[in-house]
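Structure first, then comments.
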Amino acid sequence: MVVKVGVAKLGNIASGVMVELLLDERADREDMITFMATSGTKLQPEDVDRVVSNLKAWGPDFAIVVSPNGVLPGPTGAREALADAGIPVIVITDDVTTKKEWADLKESKFGYIIQKAD
């Protein structure tokens, strides 16, 4: 079985370019294939929508959404749209700005990694 991993890189976060490398740096894994869609440095709704559309069209088994401040409307909308399409999502972000947003993320259906060093 080959697992399809979709990566949505939204905005400018250094760890975004490393996600695929961490999974398959030498491109020699036969049990996994990755696809990354990026909005470049932008987090505008139209940029995020383009990324989500590309990932949904590719049909990954799960997706990783990488962005700065993962509770902003763009990253939040991306992970919710992917989840609504039946795609499990893991969030990688550098910050969650308030205690309420942190609690909301912890209680959500999404896996998450907060990487403060980014």
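Output the DSSP H helices from the chain with an along-axis C-alpha extent of no less than 30 Å and a mean Kyte-Doolittle hydropathy no less than 1.0. Let's see the in-between values first.
Values: long enough: none.
Membrane-span-like by this criterion, though nothing is claimed about a membrane: none.
Computed over neighbours whose Cβ is under 13 Å from that of VAL52, the net charge equals -1, Lys and Arg +1, Asp and Glu -1. Amide H to amide H, with H built 1.01 Å from N, VAL3 comes under 5 Å of MET32, ILE33, counting only residues 5 or more places away or on other chains. Taking 0.36 nm per residue of sequence separation and removing the Cα-Cα distance, the LYS109/ALA83 pair yields an extension gain of 8.5 nm.
Helices in the chain, meaning DSSP H runs of at least 4 residues, each add -39500 (n - 2.57). Divided by all residues, the mean residue ellipticity at 222 nm is -10500 deg cm²/dmol.
In plain terms, the chain from LYS116 to ASN12 could stretch by 36.0 nm, reckoned as 0.36 nm per residue minus the Cα-Cα distance.
For the cross-link pairs LYS4/LYS99; LYS4/LYS106; LYS56/LYS99, the ones whose C-alpha atoms lie over 29 Å apart are LYS4/LYS99; LYS56/LYS99. Note on LYS42 and GLU25: the model spin-label points, each 7 Å out from Cα along the C-beta direction, lie 3.4 nm apart.
Mind telling me which of ARG50, ARG79, ARG29 comes out most flexible in a GNM of the chain, alpha-carbon contacts under 10 Å? Its mean-square fluctuation being the largest, the pick is ARG29.
Laboratory data are not the source of any read-out in this text; all were calculated from the coordinates shown. Because the structure is predicted, anything quoted here is derived from the model rather than measured. Glycine also receives a Cβ, built like all others from the backbone with ideal geometry; neighbour counts cover every protein chain displayed.
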